[in-house]
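Input: a single structure, listed below in structure tokens.
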Amino acid sequence: MSSFSIADDESVEQNSLTRLSTGNHELDTILFGGFPAHSINILMGEPGSGKTILAERLMFANSDENGRPVLFFTTLSEPVDKVVRYLQQFNFYDESKLGTVIQYSSIGHQLAEEGVGSLVRIIKEAITDLQPQIIVIDSFKAIHDLSTSVPEMRKMLYEVAGLLTAYETTAFFVGEYSADQISTYPEFAVADSMIELARSKHGTRDERFLRVLKLRGSAYLEGLHGFRITNDGLVVYPRLVSPKDPPAYDLLTERVPTGVNGLDTLLDGGLRRGRSTFVLGQTGAGKTTLAMQFVIKGIRRGEPSMYVSFEENPTQLEVQLAAFGMDAKTAHAQGLKFLYVSPVELQIDSIVATIYRTVKESGIKRIVIDAVGDLLIATTDTQRLHSYLYALAQHFAVEGVSSIFTYETIGKDLFTETRMSALADNILLLSIQFEGRRAQRTLRIVKARGIAHDLDEHDLTITSNGIKVG
Amino acid sequence: MPNEPTASAQAPLEETTAVDAKAPYGSTELLVLVVERDPHVRELEAHFLQHAGFQVAFATDGQEALAQARERVPDVLITEVLVPKLDGLALCRLLKQDPRTKDISVLVFSILAANSRALEAGADAFLKKPLAEQRLITTVKTLIDNRPRKANAP
């Protein structure tokens, strides 16, 4: 009997799908670990959508000086020189790898001269001569457009897919495909995964989205994920989805003082931990002051707290802190986080992702988001904003993060976006009324889930010590 | 055990390979018999094995492989599990039961995660597809180094 001496690790670990990292942690998260290794993948999207950058980041991330080469074939869309020139501006670019382990070459001329069928020979020679671990073909759509008949294309793809399946390599077909071509173009039939990159114009800026259309043998995060293109390549913001488990019961029974003089009495002791509170009111009604007090109370109680503002920059916020007798430096040292985002700069995906990451990393227990209306202006898709806010509120509940969302109302309109009220466990309505030359601010608790709260309208005054209710 | 008709030894050898069917067995080149249905795998295996200095012969189904193995007694036989007429594991069992062929090192090289089944069938090694040159060549060389008895190495 012969001993069974040889079986390498990869052959023994049979059931786990080997993954190829994209070089981007967030994108790997969306793909549940990366692209399946030894597969054929399609990266699709209109010109300028970031496909090539995604592929290049992956190439550099997976190339190892002493490892097997990574090949990038350009076809008829762009000359190699141009591709390489733009590649150099990225931080992941590594000069020492180019021309050695990462090899760019053009196959456009050969394809044009000898027909698309020559791709079979090109790939076969690449495999036998170079044993590449990754092959990127950009643009594959150009090869499709070059083919003279459907049978020719299908025959070539059959052979190419056979070769790529036989050999231990991972292939990427990059192309300016549109969604309607998926069902008709034969290259999609041989693909193990497909990722679509899209861009939509929103005012003066673009919103970019990425979506997994197929990932054979694996689950993935569905839906649209926002991303930006930076010098690091694609910065991806995985769509925030609701947590798997509901919040623990004991968490929700704990009370947290608001820090607003007189308000906790009306709330039968304070807000419930982990719950979301919407503070509504016209401009000047005291929303920001109330929210600021809530955060300061948190800091004074030793709870890491965070203030997210789309309107007031850090300097303005520090002035406000000072008005409450708190030095900004001390407050930061005690766990206060400011996040200022100009809402015209970013898409909600990145804002929400940054908020969520900071909450996780810093163990935030109180958070203010001032104001929701700014997010509404920043988004093209209010439905998407709703699901994000909902998911955020759910995560906050699970993690015991008490939140205040401010929302500016106009006139008598209580909730311009009525669906917002479903997101709120508690609603505080601030108001400012004018009688002749006098103004009077008021506060009313409209709703406070699970709290035996007061229902009356109460006077609200802003003193040098902050807000006083009653 | 009655011999299969050996006429199939003339059977379809891969035309693209440099196999010299007339070369007398016992030459210094070690012979690897590849049992494989997929033309792409066959072609790439041939390339890498020949490149590493082996002589390569092919069979596209299990019956043909059995006949060739009995006739030519290769040093190593590489088989996929999924081959027609006689599957790779059954082939392996038959080879290991027969004194004439039991010393042929068998490498099961399959798309299936057939590690333990290959072991039960008496195979000497198992590799899972897809093909990677280094793993394949290293495994074949190790099999030859580990052969139970001194064979025809010079």
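The values are calculated or read from the model by the stated rules, or taken from the named source; none is laboratory data. Since we're looking at a predicted model, the values are computed, not measured. With ideal geometry, Cβ positions are generated from the backbone for all residues, glycine too; neighbour counts draw on all protein chains shown.
Data overview
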| quantity | calculated |
| --- | --- |
| Yes/no for residue A:378 being crowded, with 22+ Cβ neighbours inside 10 Å and among the small types (Gly, Ala, Ser) | yes |
| Selection count, the range A:413-470, where residues are in a strand (DSSP E or B) and either modelled with pLDDT of 90 or more or surrounded by fewer than 18 Cβ atoms within 10 Å (Cβ to Cβ) (or both) | 31 |
| Checking residue A:126 against (1) over 30 Å from residue B:42 (Cβ atoms); (2) surrounded by 17 or more Cβ atoms within 10 Å (Cβ to Cβ), the condition it does not meet | (1) |
| Residue A:368 vs. criteria not in a strand (DSSP E or B) and not polar (S, T, N, Q) | no |
| Residue list for the range A:157-185, restricted to those being under 25 Å from residue A:46 (Cβ atoms) and buried (at least 18 other Cβ atoms within 10 Å of the Cβ) | A:157, A:160, A:170, A:171, A:172, A:173, A:174, A:175, A:176, A:177, A:182, A:185 |
| Extreme residue, surrounded by the fewest Cβ atoms within 10 Å (Cβ to Cβ), among residues of the range B:47-88 that are within 14 Å of chain A (Cβ to nearest Cβ), assigned to a helix (DSSP H, G or I) and over 12 Å from the mean Cα position of the chain (by Cα) | B:51 |
| Subset of the range A:265-274 [within 32 Å of the chain's Cα centre (by Cα) and assigned to a loop (DSSP other than H, G, I, E, B)] | A:273, A:274 |
| Residue list for the range B:120-141, filter: in a helix (DSSP H, G or I), facing another protein chain (nearest Cβ under 8 Å) and at pLDDT 95 or above | B:139 |
| Residue match in the range A:275-292 (condition: in contact with a helix residue (DSSP H, G or I) (Cβ under 7 Å, 6 or more places away or on another chain), part of a helix (DSSP H, G or I) and either within 30 Å of residue A:433 (Cα to Cα) or among the hydrophobic types (A, V, I, L, M, F, W, C) (or both)) | yes |
| Meets criteria (part of a strand (DSSP E or B) and either facing another protein chain (nearest Cβ under 9 Å) or closer than 29 Å to residue A:39 by Cβ (or both)) for residue B:107 | yes |
| The range A:213-246, residues that are in contact with a Gly (Cβ under 8 Å, 6 or more places away or on another chain) and part of a strand (DSSP E or B) | A:227, A:229, A:233, A:234, A:236, A:237 |
| Residues (within 13 Å of the chain's Cα centre (by Cα), over 26 Å from residue A:68 (Cα atoms) and surrounded by fewer than 20 Cβ atoms within 10 Å (Cβ to Cβ)) located in the range B:97-152 | B:101, B:102, B:103 |
| Residue list for the range A:156-180, filter: modelled with pLDDT of 95 or more and more than 14 Å from every other protein chain (Cβ to nearest Cβ) | A:172, A:173, A:174, A:175, A:176, A:177 |
| Candidate set from the range A:131-155 (those that are buried (at least 20 other Cβ atoms within 10 Å of the Cβ) and within 14 Å of another protein chain (Cβ to nearest Cβ)); member that is farthest from the chain's Cα centre (by Cα) | A:132 |
| Test for residue A:358: is it hydroxyl-bearing (Ser, Thr, Tyr), touching a residue at least 12 places away in the same chain (Cβ under 8 Å) and not in a helix (DSSP H, G or I) | no |
| So residue A:276, is it touching a Ser or Thr at 6+ places or on another chain (Cβ under 9 Å), in contact (Cβ under 8 Å) with a residue 40 or more places away in the chain and hydroxyl-bearing (Ser, Thr, Tyr) | yes |
| Residue that is touching a Phe, Trp or Tyr at 6+ places or on another chain (Cβ under 9 Å) and either modelled with pLDDT of 95 or more or of a type in the set (S, T, N, Q) (or both), where the choices are A:183, A:149, A:200 | A:200 |
| Selection status of residue A:213, surrounded by fewer than 17 Cβ atoms within 10 Å (Cβ to Cβ), away from chain B (no Cβ under 14 Å) and at pLDDT 95 or above | yes |
| Count of the range A:248-264 residues which are at pLDDT 85 or above, assigned to a helix (DSSP H, G or I) and of a type in the set (D, E, K, R) | 1 |
| Residues satisfying the stated conditions in the range A:293-333, i.e. part of a loop (DSSP other than H, G, I, E, B) and modelled with pLDDT of 90 or more | A:301, A:302, A:303, A:304 |
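This table checks each residue for (1) within 30 Å of residue A:87 (Cα to Cα); (2) in contact with a Lys or Arg (Cβ under 9 Å, 6 or more places away or on another chain).
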{"site": "A:176", "(1), (2)": "yes, yes"}
{"site": "A:208", "(1), (2)": "yes, yes"}
{"site": "A:213", "(1), (2)": "yes, no"}
{"site": "A:255", "(1), (2)": "no, yes"}
{"site": "A:276", "(1), (2)": "no, no"}
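Yes/no matrix, rows are residues, columns are (1) surrounded by 14 or more Cβ atoms within 10 Å (Cβ to Cβ); (2) in contact (Cβ under 8 Å) with a residue 24 or more places away in the chain:
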position	(1), (2)
A:208	yes, yes
A:221	yes, yes
A:228	yes, yes
A:236	yes, yes
A:241	yes, yes
A:245	no, yes
A:255	yes, no
A:260	yes, yes
